[in-house]
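Participant: Here you go, one structure.
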Amino acid sequence: MTDGPRQRGSAAPSISEDGAADAGKAAGQSVALKKEIGLVSACGIIIGNIIGSGIFVSPKGVLENASSVGLALIVWIITGVITAIGALCYAELGVTIPKSGGDYSYVKDIFGGLAGFLRLWIAVLVIYPTNQAVIALTFSNYVLQPLFPTCFPPENGLRLLAAICLLLLTWVNCSSVRWATRVQDVFTAGKLLALILIIIMGIVQICKGEYYWLEPANAFEPFQDYDVGLIALAFLQGSFAYGGWNFLNYVTEELVDPYVNLPRAIFISIPLVTFVYVFANIAYVTAMSPQELLASNAVAVTFGEKLLGVMSWIMPISVALSTFGGVNGSLFTSSRLFFAGAREGHLPSLLAMIHVKRCTPIPALLFTCISTLLMLCTSDMYTLINYVGFINYLFYGVTVAGQIVIRVKQPDMHRPIKISLVWPVIYLLFWAFLLIFSLYSEPVVCGIGLAIMLTGVPVYFLGVYWENKPQCFNTFVDKMTFLGQKFCLVVYPMEDEKKNEEPGEEIEMKEQSVPLSADDEQTPKSADC
């Protein structure tokens with residue numbers, strides 16, 4: 001931890017003796033995050049992070065709790081609409097507080113440092129490392145399964161391939177923002193093509209008359225009694241399937257024209273994902289009964305075996321490609337969250353630095369990779385995800401509530417996008433419904449999740465709030481930061497101080513800048529590397 005947010009113009013350890021700073025000077029430019037994410041890549045980030053392996057592997061979570069095919073489809077549609085409403089709220093926040101870090105930055109600016117830190121703490125400690133580890137393991141499982149047709153792949157082999165996947169994608173993300181977004185674009189296109197294939201096969205089935213479970217009389221025939229608590233769990237499962245819709249807000253500062261492209265990407269991506277989810281589930285029930293669907297551990301694979309014959313290998317490959325792209329998108333966005341946290345003084349300051357030539361947050365990416373690799377060594381990943389899933393969803397509601405708070409406290413604040421307050425109210429009502437039933441149905445799991453989050457309180461007061469730390473501690477931290485800078489060839493980014501200043505705006509968006517070396521203090525700043 002650092003002892004507070006780094007102020008503009010504060011001193012940083014120089015790495016000029018190692019020649020890295022001189023590289024920036026020779027180019028006549030300062031080091032800053034590049035705006036390389038256009039509209040297509042922005043859509044790729046949202047779609048690629050939402051559509052992981054879930055729609056291919058296990059859409060049965062919604063069906064088994066909804067109790068009928070018809071109600072399950074309604075849950076998918078309503079959840080998509082609610083997700084779109086939440087994304088609209090985040091779009092306003094994203095252009096009002098145009099900082100990378102997503103809901104962490106919004107919660108911190110609106111509710112204070114402790115609230116923001118707890119959001120960051122639970123993300124750093126559990127959410128992103130475990131989610132990335134699970135997606136990487138799913139990738140390795142679908143790659144290795146054809147080599148072990150009569151048994152499960154060895155666990156050590158799964159973990160090794162997952163680790164190779166993480167290391168490869170970390171290297172890509174460290175090398176270039178453009179490479180990382182191209183990988184995301186390609187694999188997002190691949191998974192969409194696979195889902196379009198599923199939808200087309202479903203349409204062919206309907207044309208053949210295979211729509212028994214889509215007829216209203218049969219679609220709403222329950223295979224178990226309807227229950228309000230189970231229906232709430234179906235909505236919760238659907239909400240988790242749409243998880244990742246807010247990831248573009250983590251990289252706002254790298255968006256080309258964020259005031260235009262952030263809302264556009266949301267308006268394009270969320271309806272597209274909702275369409276794909278609903279019609280993929282329609283396609284599944286044209287080839288499988290609800291009982292067959294609930295019995296399958298990989299619905300798309302079973303679907304392919306029934307309809308594709310010798311081409312059924314397409315589905316496992318599609319799942320592998322989808323998860324590979326999912327790991328890339330998660331690494332890209334979560335590293336920006338940790339970068340933003342370090343810039344605000346909530347994580348070690350080394351994580352707020354970027355490479356002098358590549359302009360990528362290499363320390364934050366390495367930190368993300370290492371924490372995920374450590375999670376691969378534990379067998380409790382899925383348990384941890386269950387514990388903190390409730391907390392993750394809790395902070396979505398806190399963030400949207402912050403939108404209402406800032407509207408009341410600062411009504412004249414400049415807002416390039418301003419939506420009706422009806423939308424955050426609708427989102428919060430739905431959110432409260434889900435959280436109340438989550439607490440009612442799984443009080444122990446939710447309680448443990450809250451306890452994990454609250455472990456961040458003493459860490460905050462010791463690592464962030466306590467400013468007068470012993471000199472020996474500060475000296476040690478400075479030396480470690482200096483060594484990290486030399487090892488990674490990184491410096492603090494210099495950013496345009498005026499880009500976030502708006503007339504009448506009361507929340508300061510202070511961009512941080514530190515000269516490459518003492519000789520560079522008068523060097524003019526530029527927009528990117």
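The values are calculated or read from the model by the stated rules, or taken from the named source; none is laboratory data. This one's a predicted model, so the numbers in the text were calculated from it and none came from an experiment. No Cβ is skipped: glycine too gets one built from the backbone with ideal geometry, and neighbour counts run over all protein chains shown. Protein only, heavy atoms only, side chains kept; ligands, DNA and RNA dropped before computing areas. Shrake-Rupley method; radii C 1.70, N 1.55, O 1.52, S 1.80 Å.
Participant: Kindly evaluate Gly86 against the criterion of being within 20 Å of Tyr250 (Cβ to Cβ), in a helix (DSSP H, G or I), open to solvent by less than 20 Å² (accessible area, probe 1.4 Å) and among the small types (Gly, Ala, Ser). Write out each step before concluding.
Facilitator: Working: within 20 Å of Tyr250 (Cβ to Cβ): yes; in a helix (DSSP H, G or I): yes; open to solvent by less than 20 Å² (accessible area, probe 1.4 Å): yes; among the small types (Gly, Ala, Ser): yes.
In short, yes.
Participant: Would you point out which residue out of Ile78, Ile55, Ile45 is at pLDDT 90 or above and in a helix (DSSP H, G or I)? Give the steps one after another, and end with the answer.
Facilitator: Numbers: Ile55 fails: at pLDDT 90 or above; Ile45 fails: at pLDDT 90 or above.
Result: Ile78 is the single residue among Ile78, Ile55, Ile45 that is at pLDDT 90 or above and in a helix (DSSP H, G or I).
Participant: Sticking with this one: Is it the case, given these coordinates, that Val186 is touching a Cys at 6+ places or on another chain (Cβ under 9 Å) and at pLDDT below 90? Give the steps one after another, and end with the answer.
Facilitator: Numbers: touching a Cys at 6+ places or on another chain (Cβ under 9 Å): no; at pLDDT below 90: yes.
When the stated conditions are applied, Val186 does not pass them.
Participant: Right, something else. Of all residues in region 280-299, how many are touching a residue at least 24 places away in the same chain (Cβ under 8 Å) and either closer than 18 Å to Ala84 by Cα or in a helix (DSSP H, G or I) (or both)?
Facilitator: Total meeting the criteria: 13.
Participant: Determine the pairs where a residue that is closer than 23 Å to Val107 by Cα and open to solvent by 20 Å² or more (accessible area, probe 1.4 Å), located within region 340-368, has a partner that is modelled with pLDDT of 90 or more and not in a helix (DSSP H, G or I) with Cβ atoms under 6 Å apart, the partner being 6 or more residues away or on another chain.
Facilitator: Listed by first residue and then by second, the contacts come to nothing, as the list is empty.
Participant: Considering only residues of region 408-435 that are in contact (Cβ under 8 Å) with a residue 40 or more places away in the chain and assigned to a helix (DSSP H, G or I), which is most open to solvent (accessible area, probe 1.4 Å)? Give the derivation first.
Facilitator: Within region 408-435, the subset in contact (Cβ under 8 Å) with a residue 40 or more places away in the chain is 410, 412-419, 423-424, 426-427, 430, 433-435.
Of the ones still in play, those that are also assigned to a helix (DSSP H, G or I) are 423-424, 426-427, 430, 433-435.
On the way: Trp423: 100, Pro424: 0, Ile426: 61, Tyr427: 4, Phe430: 25, Phe433: 67, Leu434: 3, Leu435: 15 Å².
The qualifying residue most open to solvent (accessible area, probe 1.4 Å) is Trp423.
Participant: On to the next question. Please work out if Thr302 is over 18 Å from the mean Cα position of the chain (by Cα), over 20 Å from Gly80 (Cβ atoms) and in contact (Cβ under 8 Å) with a residue 40 or more places away in the chain.
Facilitator: No: the conditions fail for Thr302.
Participant: Tell me, please, whether a residue that is open to solvent by 40 Å² or more (accessible area, probe 1.4 Å) and not in a helix (DSSP H, G or I) can be found in region 267-279. Let's see the steps before the verdict.
Facilitator: Residues of region 267-279 open to solvent by 40 Å² or more (accessible area, probe 1.4 Å): 267-268, 271-272, 275, 279.
Retained after the next criterion (residues that are not in a helix (DSSP H, G or I)): none.
No, region 267-279 has no match at all.
Participant: Answer yes or no: is there a residue in region 211-226 that is within 18 Å of Pro59 (Cβ to Cβ) and of a type in the set (S, T, N, Q).
Facilitator: Among the residues of region 211-226, at least one is within 18 Å of Pro59 (Cβ to Cβ) and of a type in the set (S, T, N, Q), which makes the answer yes.
Participant: Same structure, new question: From the list Asn281, Asn218, exactly one residue is of a type outside the set (Phe, Trp, Tyr), under 31 Å from the mean Cα position of the chain (by Cα) and modelled with pLDDT of 85 or more. Which is it? Steps first, answer last, please.
Facilitator: Values: Asn218 fails: under 31 Å from the mean Cα position of the chain (by Cα).
Matching residue, one of Asn281, Asn218: Asn281.
Participant: Given (1) in contact (Cβ under 8 Å) with a residue 24 or more places away in the chain; (2) open to solvent by less than 40 Å² (accessible area, probe 1.4 Å), identify the lone condition not met by Val405.
Facilitator: Result: Val405 fails condition (2) only.
Participant: Here is a further query. Please list, ordered by first then second residue, the pairs with beta carbon atoms under 9 Å, 6 or more apart or interchain, first in region 239-251 and crowded, with 22+ Cβ neighbours inside 10 Å, second acidic (Asp, Glu) and modelled with pLDDT of 85 or more.
Facilitator: As it stands, the answer is Asn246/Asp103; Asn249/Asp103; Tyr250/Asp103, since those pairs meet every condition given.
Participant: Next up: Quick one: which of Val388, Val445, Val405, Val464 is part of a helix (DSSP H, G or I) and either at positive phi or at pLDDT 90 or above (or both)?
Facilitator: Values: Val388 fails: either at positive phi or at pLDDT 90 or above (or both); Val445 fails: either at positive phi or at pLDDT 90 or above (or both); Val464 fails: either at positive phi or at pLDDT 90 or above (or both).
When all the criteria are applied, what remains is Val405.
Participant: Filter region 201-211 for residues that are open to solvent by 40 Å² or more (accessible area, probe 1.4 Å) and touching a residue at least 24 places away in the same chain (Cβ under 8 Å) and give the result.
Facilitator: Ile203, Ile206, Glu210, Tyr211
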